[in-house]
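Bear in mind that the values in this text are calculations on the coordinates, not laboratory data. This one's a predicted model, so the numbers in the text were calculated from it and none came from an experiment. Please note: Cβ atoms are built from the backbone with ideal geometry, for glycine as well, and neighbour counts cover all protein chains shown.
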Amino acid sequence: MQGLNLTAPRRAVLAVIRESNEHPTALDIMDRLASRGERYAYATIYNSLKYLADHGLVRELNIGSGVTRYDGRLEDHQHVICTRCGAIAEADLEGEDELIRRIEAATGYRVHSVSIQMSGLCPQCRSQSGSQSD
């Protein structure tokens, strides 16, 4: 991380994202920092998130709900999103390399990254609906 300007707010925001498995929103991050006694203005949080994303330290996820979420896991991986509550889970797909090779052969493209978004009902929403087949 040499050459980066990681101010105290940026380091704090980055720590929250890296500690989280839930892909937090800016408001989630602000709340978690406040619960630790670290209070920053909303603009500071947003500016920190933009800096971290622009410098490849976090990923912005614009999936489904219209609210941007943040992911500290930088390698290619997929997400499955609950259509009811908006929960996000990470899904590592086996055979992805073979799929990429087939797509490259069929299209002539050189694939640099893969983003697959799946949706369905999470276990909690399925149990609340009373039907496991939803």
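Which shape class applies to the stretch 25-87: rounded if a/c is under 1.5, otherwise prolate when a/b exceeds b/c and oblate if not, where a ≥ b ≥ c are the square roots of the Cα gyration tensor eigenvalues? Spell out each step's value before the answer.
Working: a/c = 2.09, a/b = 1.34, b/c = 1.56.
Oblate, since a/c reaches 1.5 and b/c is not below a/b.
For every other residue with a beta carbon closer than 12 angstrom to the beta carbon of GLY72, add +1 if it is Lys or Arg and -1 if Asp or Glu, then tell me the sum. Spell out each step's value before the answer.
Working: positive: ARG18, ARG59, ARG69, ARG73; negative: GLU19, GLU22, GLU60, ASP71, GLU75, GLU90.
Net charge in that neighbourhood comes out at -2.
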Problem - Within the stretch 75-128, percent of DSSP bridges classed antiparallel, to nearest 5 - result: 50 percent
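Taking Cα pairs under 8 Å and at least six residues apart, what relative contact order does the stretch 1-74 come out at, in percent? If you can, show how the numbers build up before the last one.
Numbers: 83 pairs, mean separation 25.8, N = 74.
Relative contact order here is 35 percent.
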Handout entry: Calculated [θ] (222 nm, deg cm²/dmol) that DSSP helices of n ≥ 4 give over the chain, each run adding -39,500 (n - 2.57)
Key = -12000 deg cm²/dmol
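Which percentage, to the nearest 5, of the DSSP beta bridges contained in the chain is antiparallel?
If we restrict to bridges inside the chain, about 65 percent are antiparallel.
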Handout entry: Computed label-point distance, nm, for sites ASN5 and HIS55 using a 7 Å Cα→Cβ extension
Key = 0.9 nm
Fill in the blank from the handout: For ARG110, ARG102, ARG32, ascending order of other Cβ atoms within 10 Å (fewest first) is ARG110, ARG102, ARG32
Fill in the blank from the handout: Relative contact order in percent for the chain (Cα pairs under 8 Å, 6+ apart) equals 20 percent
Completion exercise
Distance in Å, no decimals, from the C-alpha centre of the stretch 45-73 to the one of the stretch 74-111 is 19 Å
Handout entry: Structure-derived Cα extents along the principal axes in Å: which label, when the choices are [x] 51, 36, 25; [y] 43, 29, 28; [z] 47, 46, 22
Key = [z]
Exercise for the section: Could you check which residue among THR107, THR44, THR68 shows the biggest mean-square fluctuation in a GNM of the chain with a 10 Å Cα cutoff? Expected result: THR107
Practice task
For the chain, build the charge dipole from Cβ charges (+1 Lys, Arg; -1 Asp, Glu) around the Cα centre, then report which of ALA15, LEU74, GLY86 sits farthest towards its positive end.
Solution key: ALA15
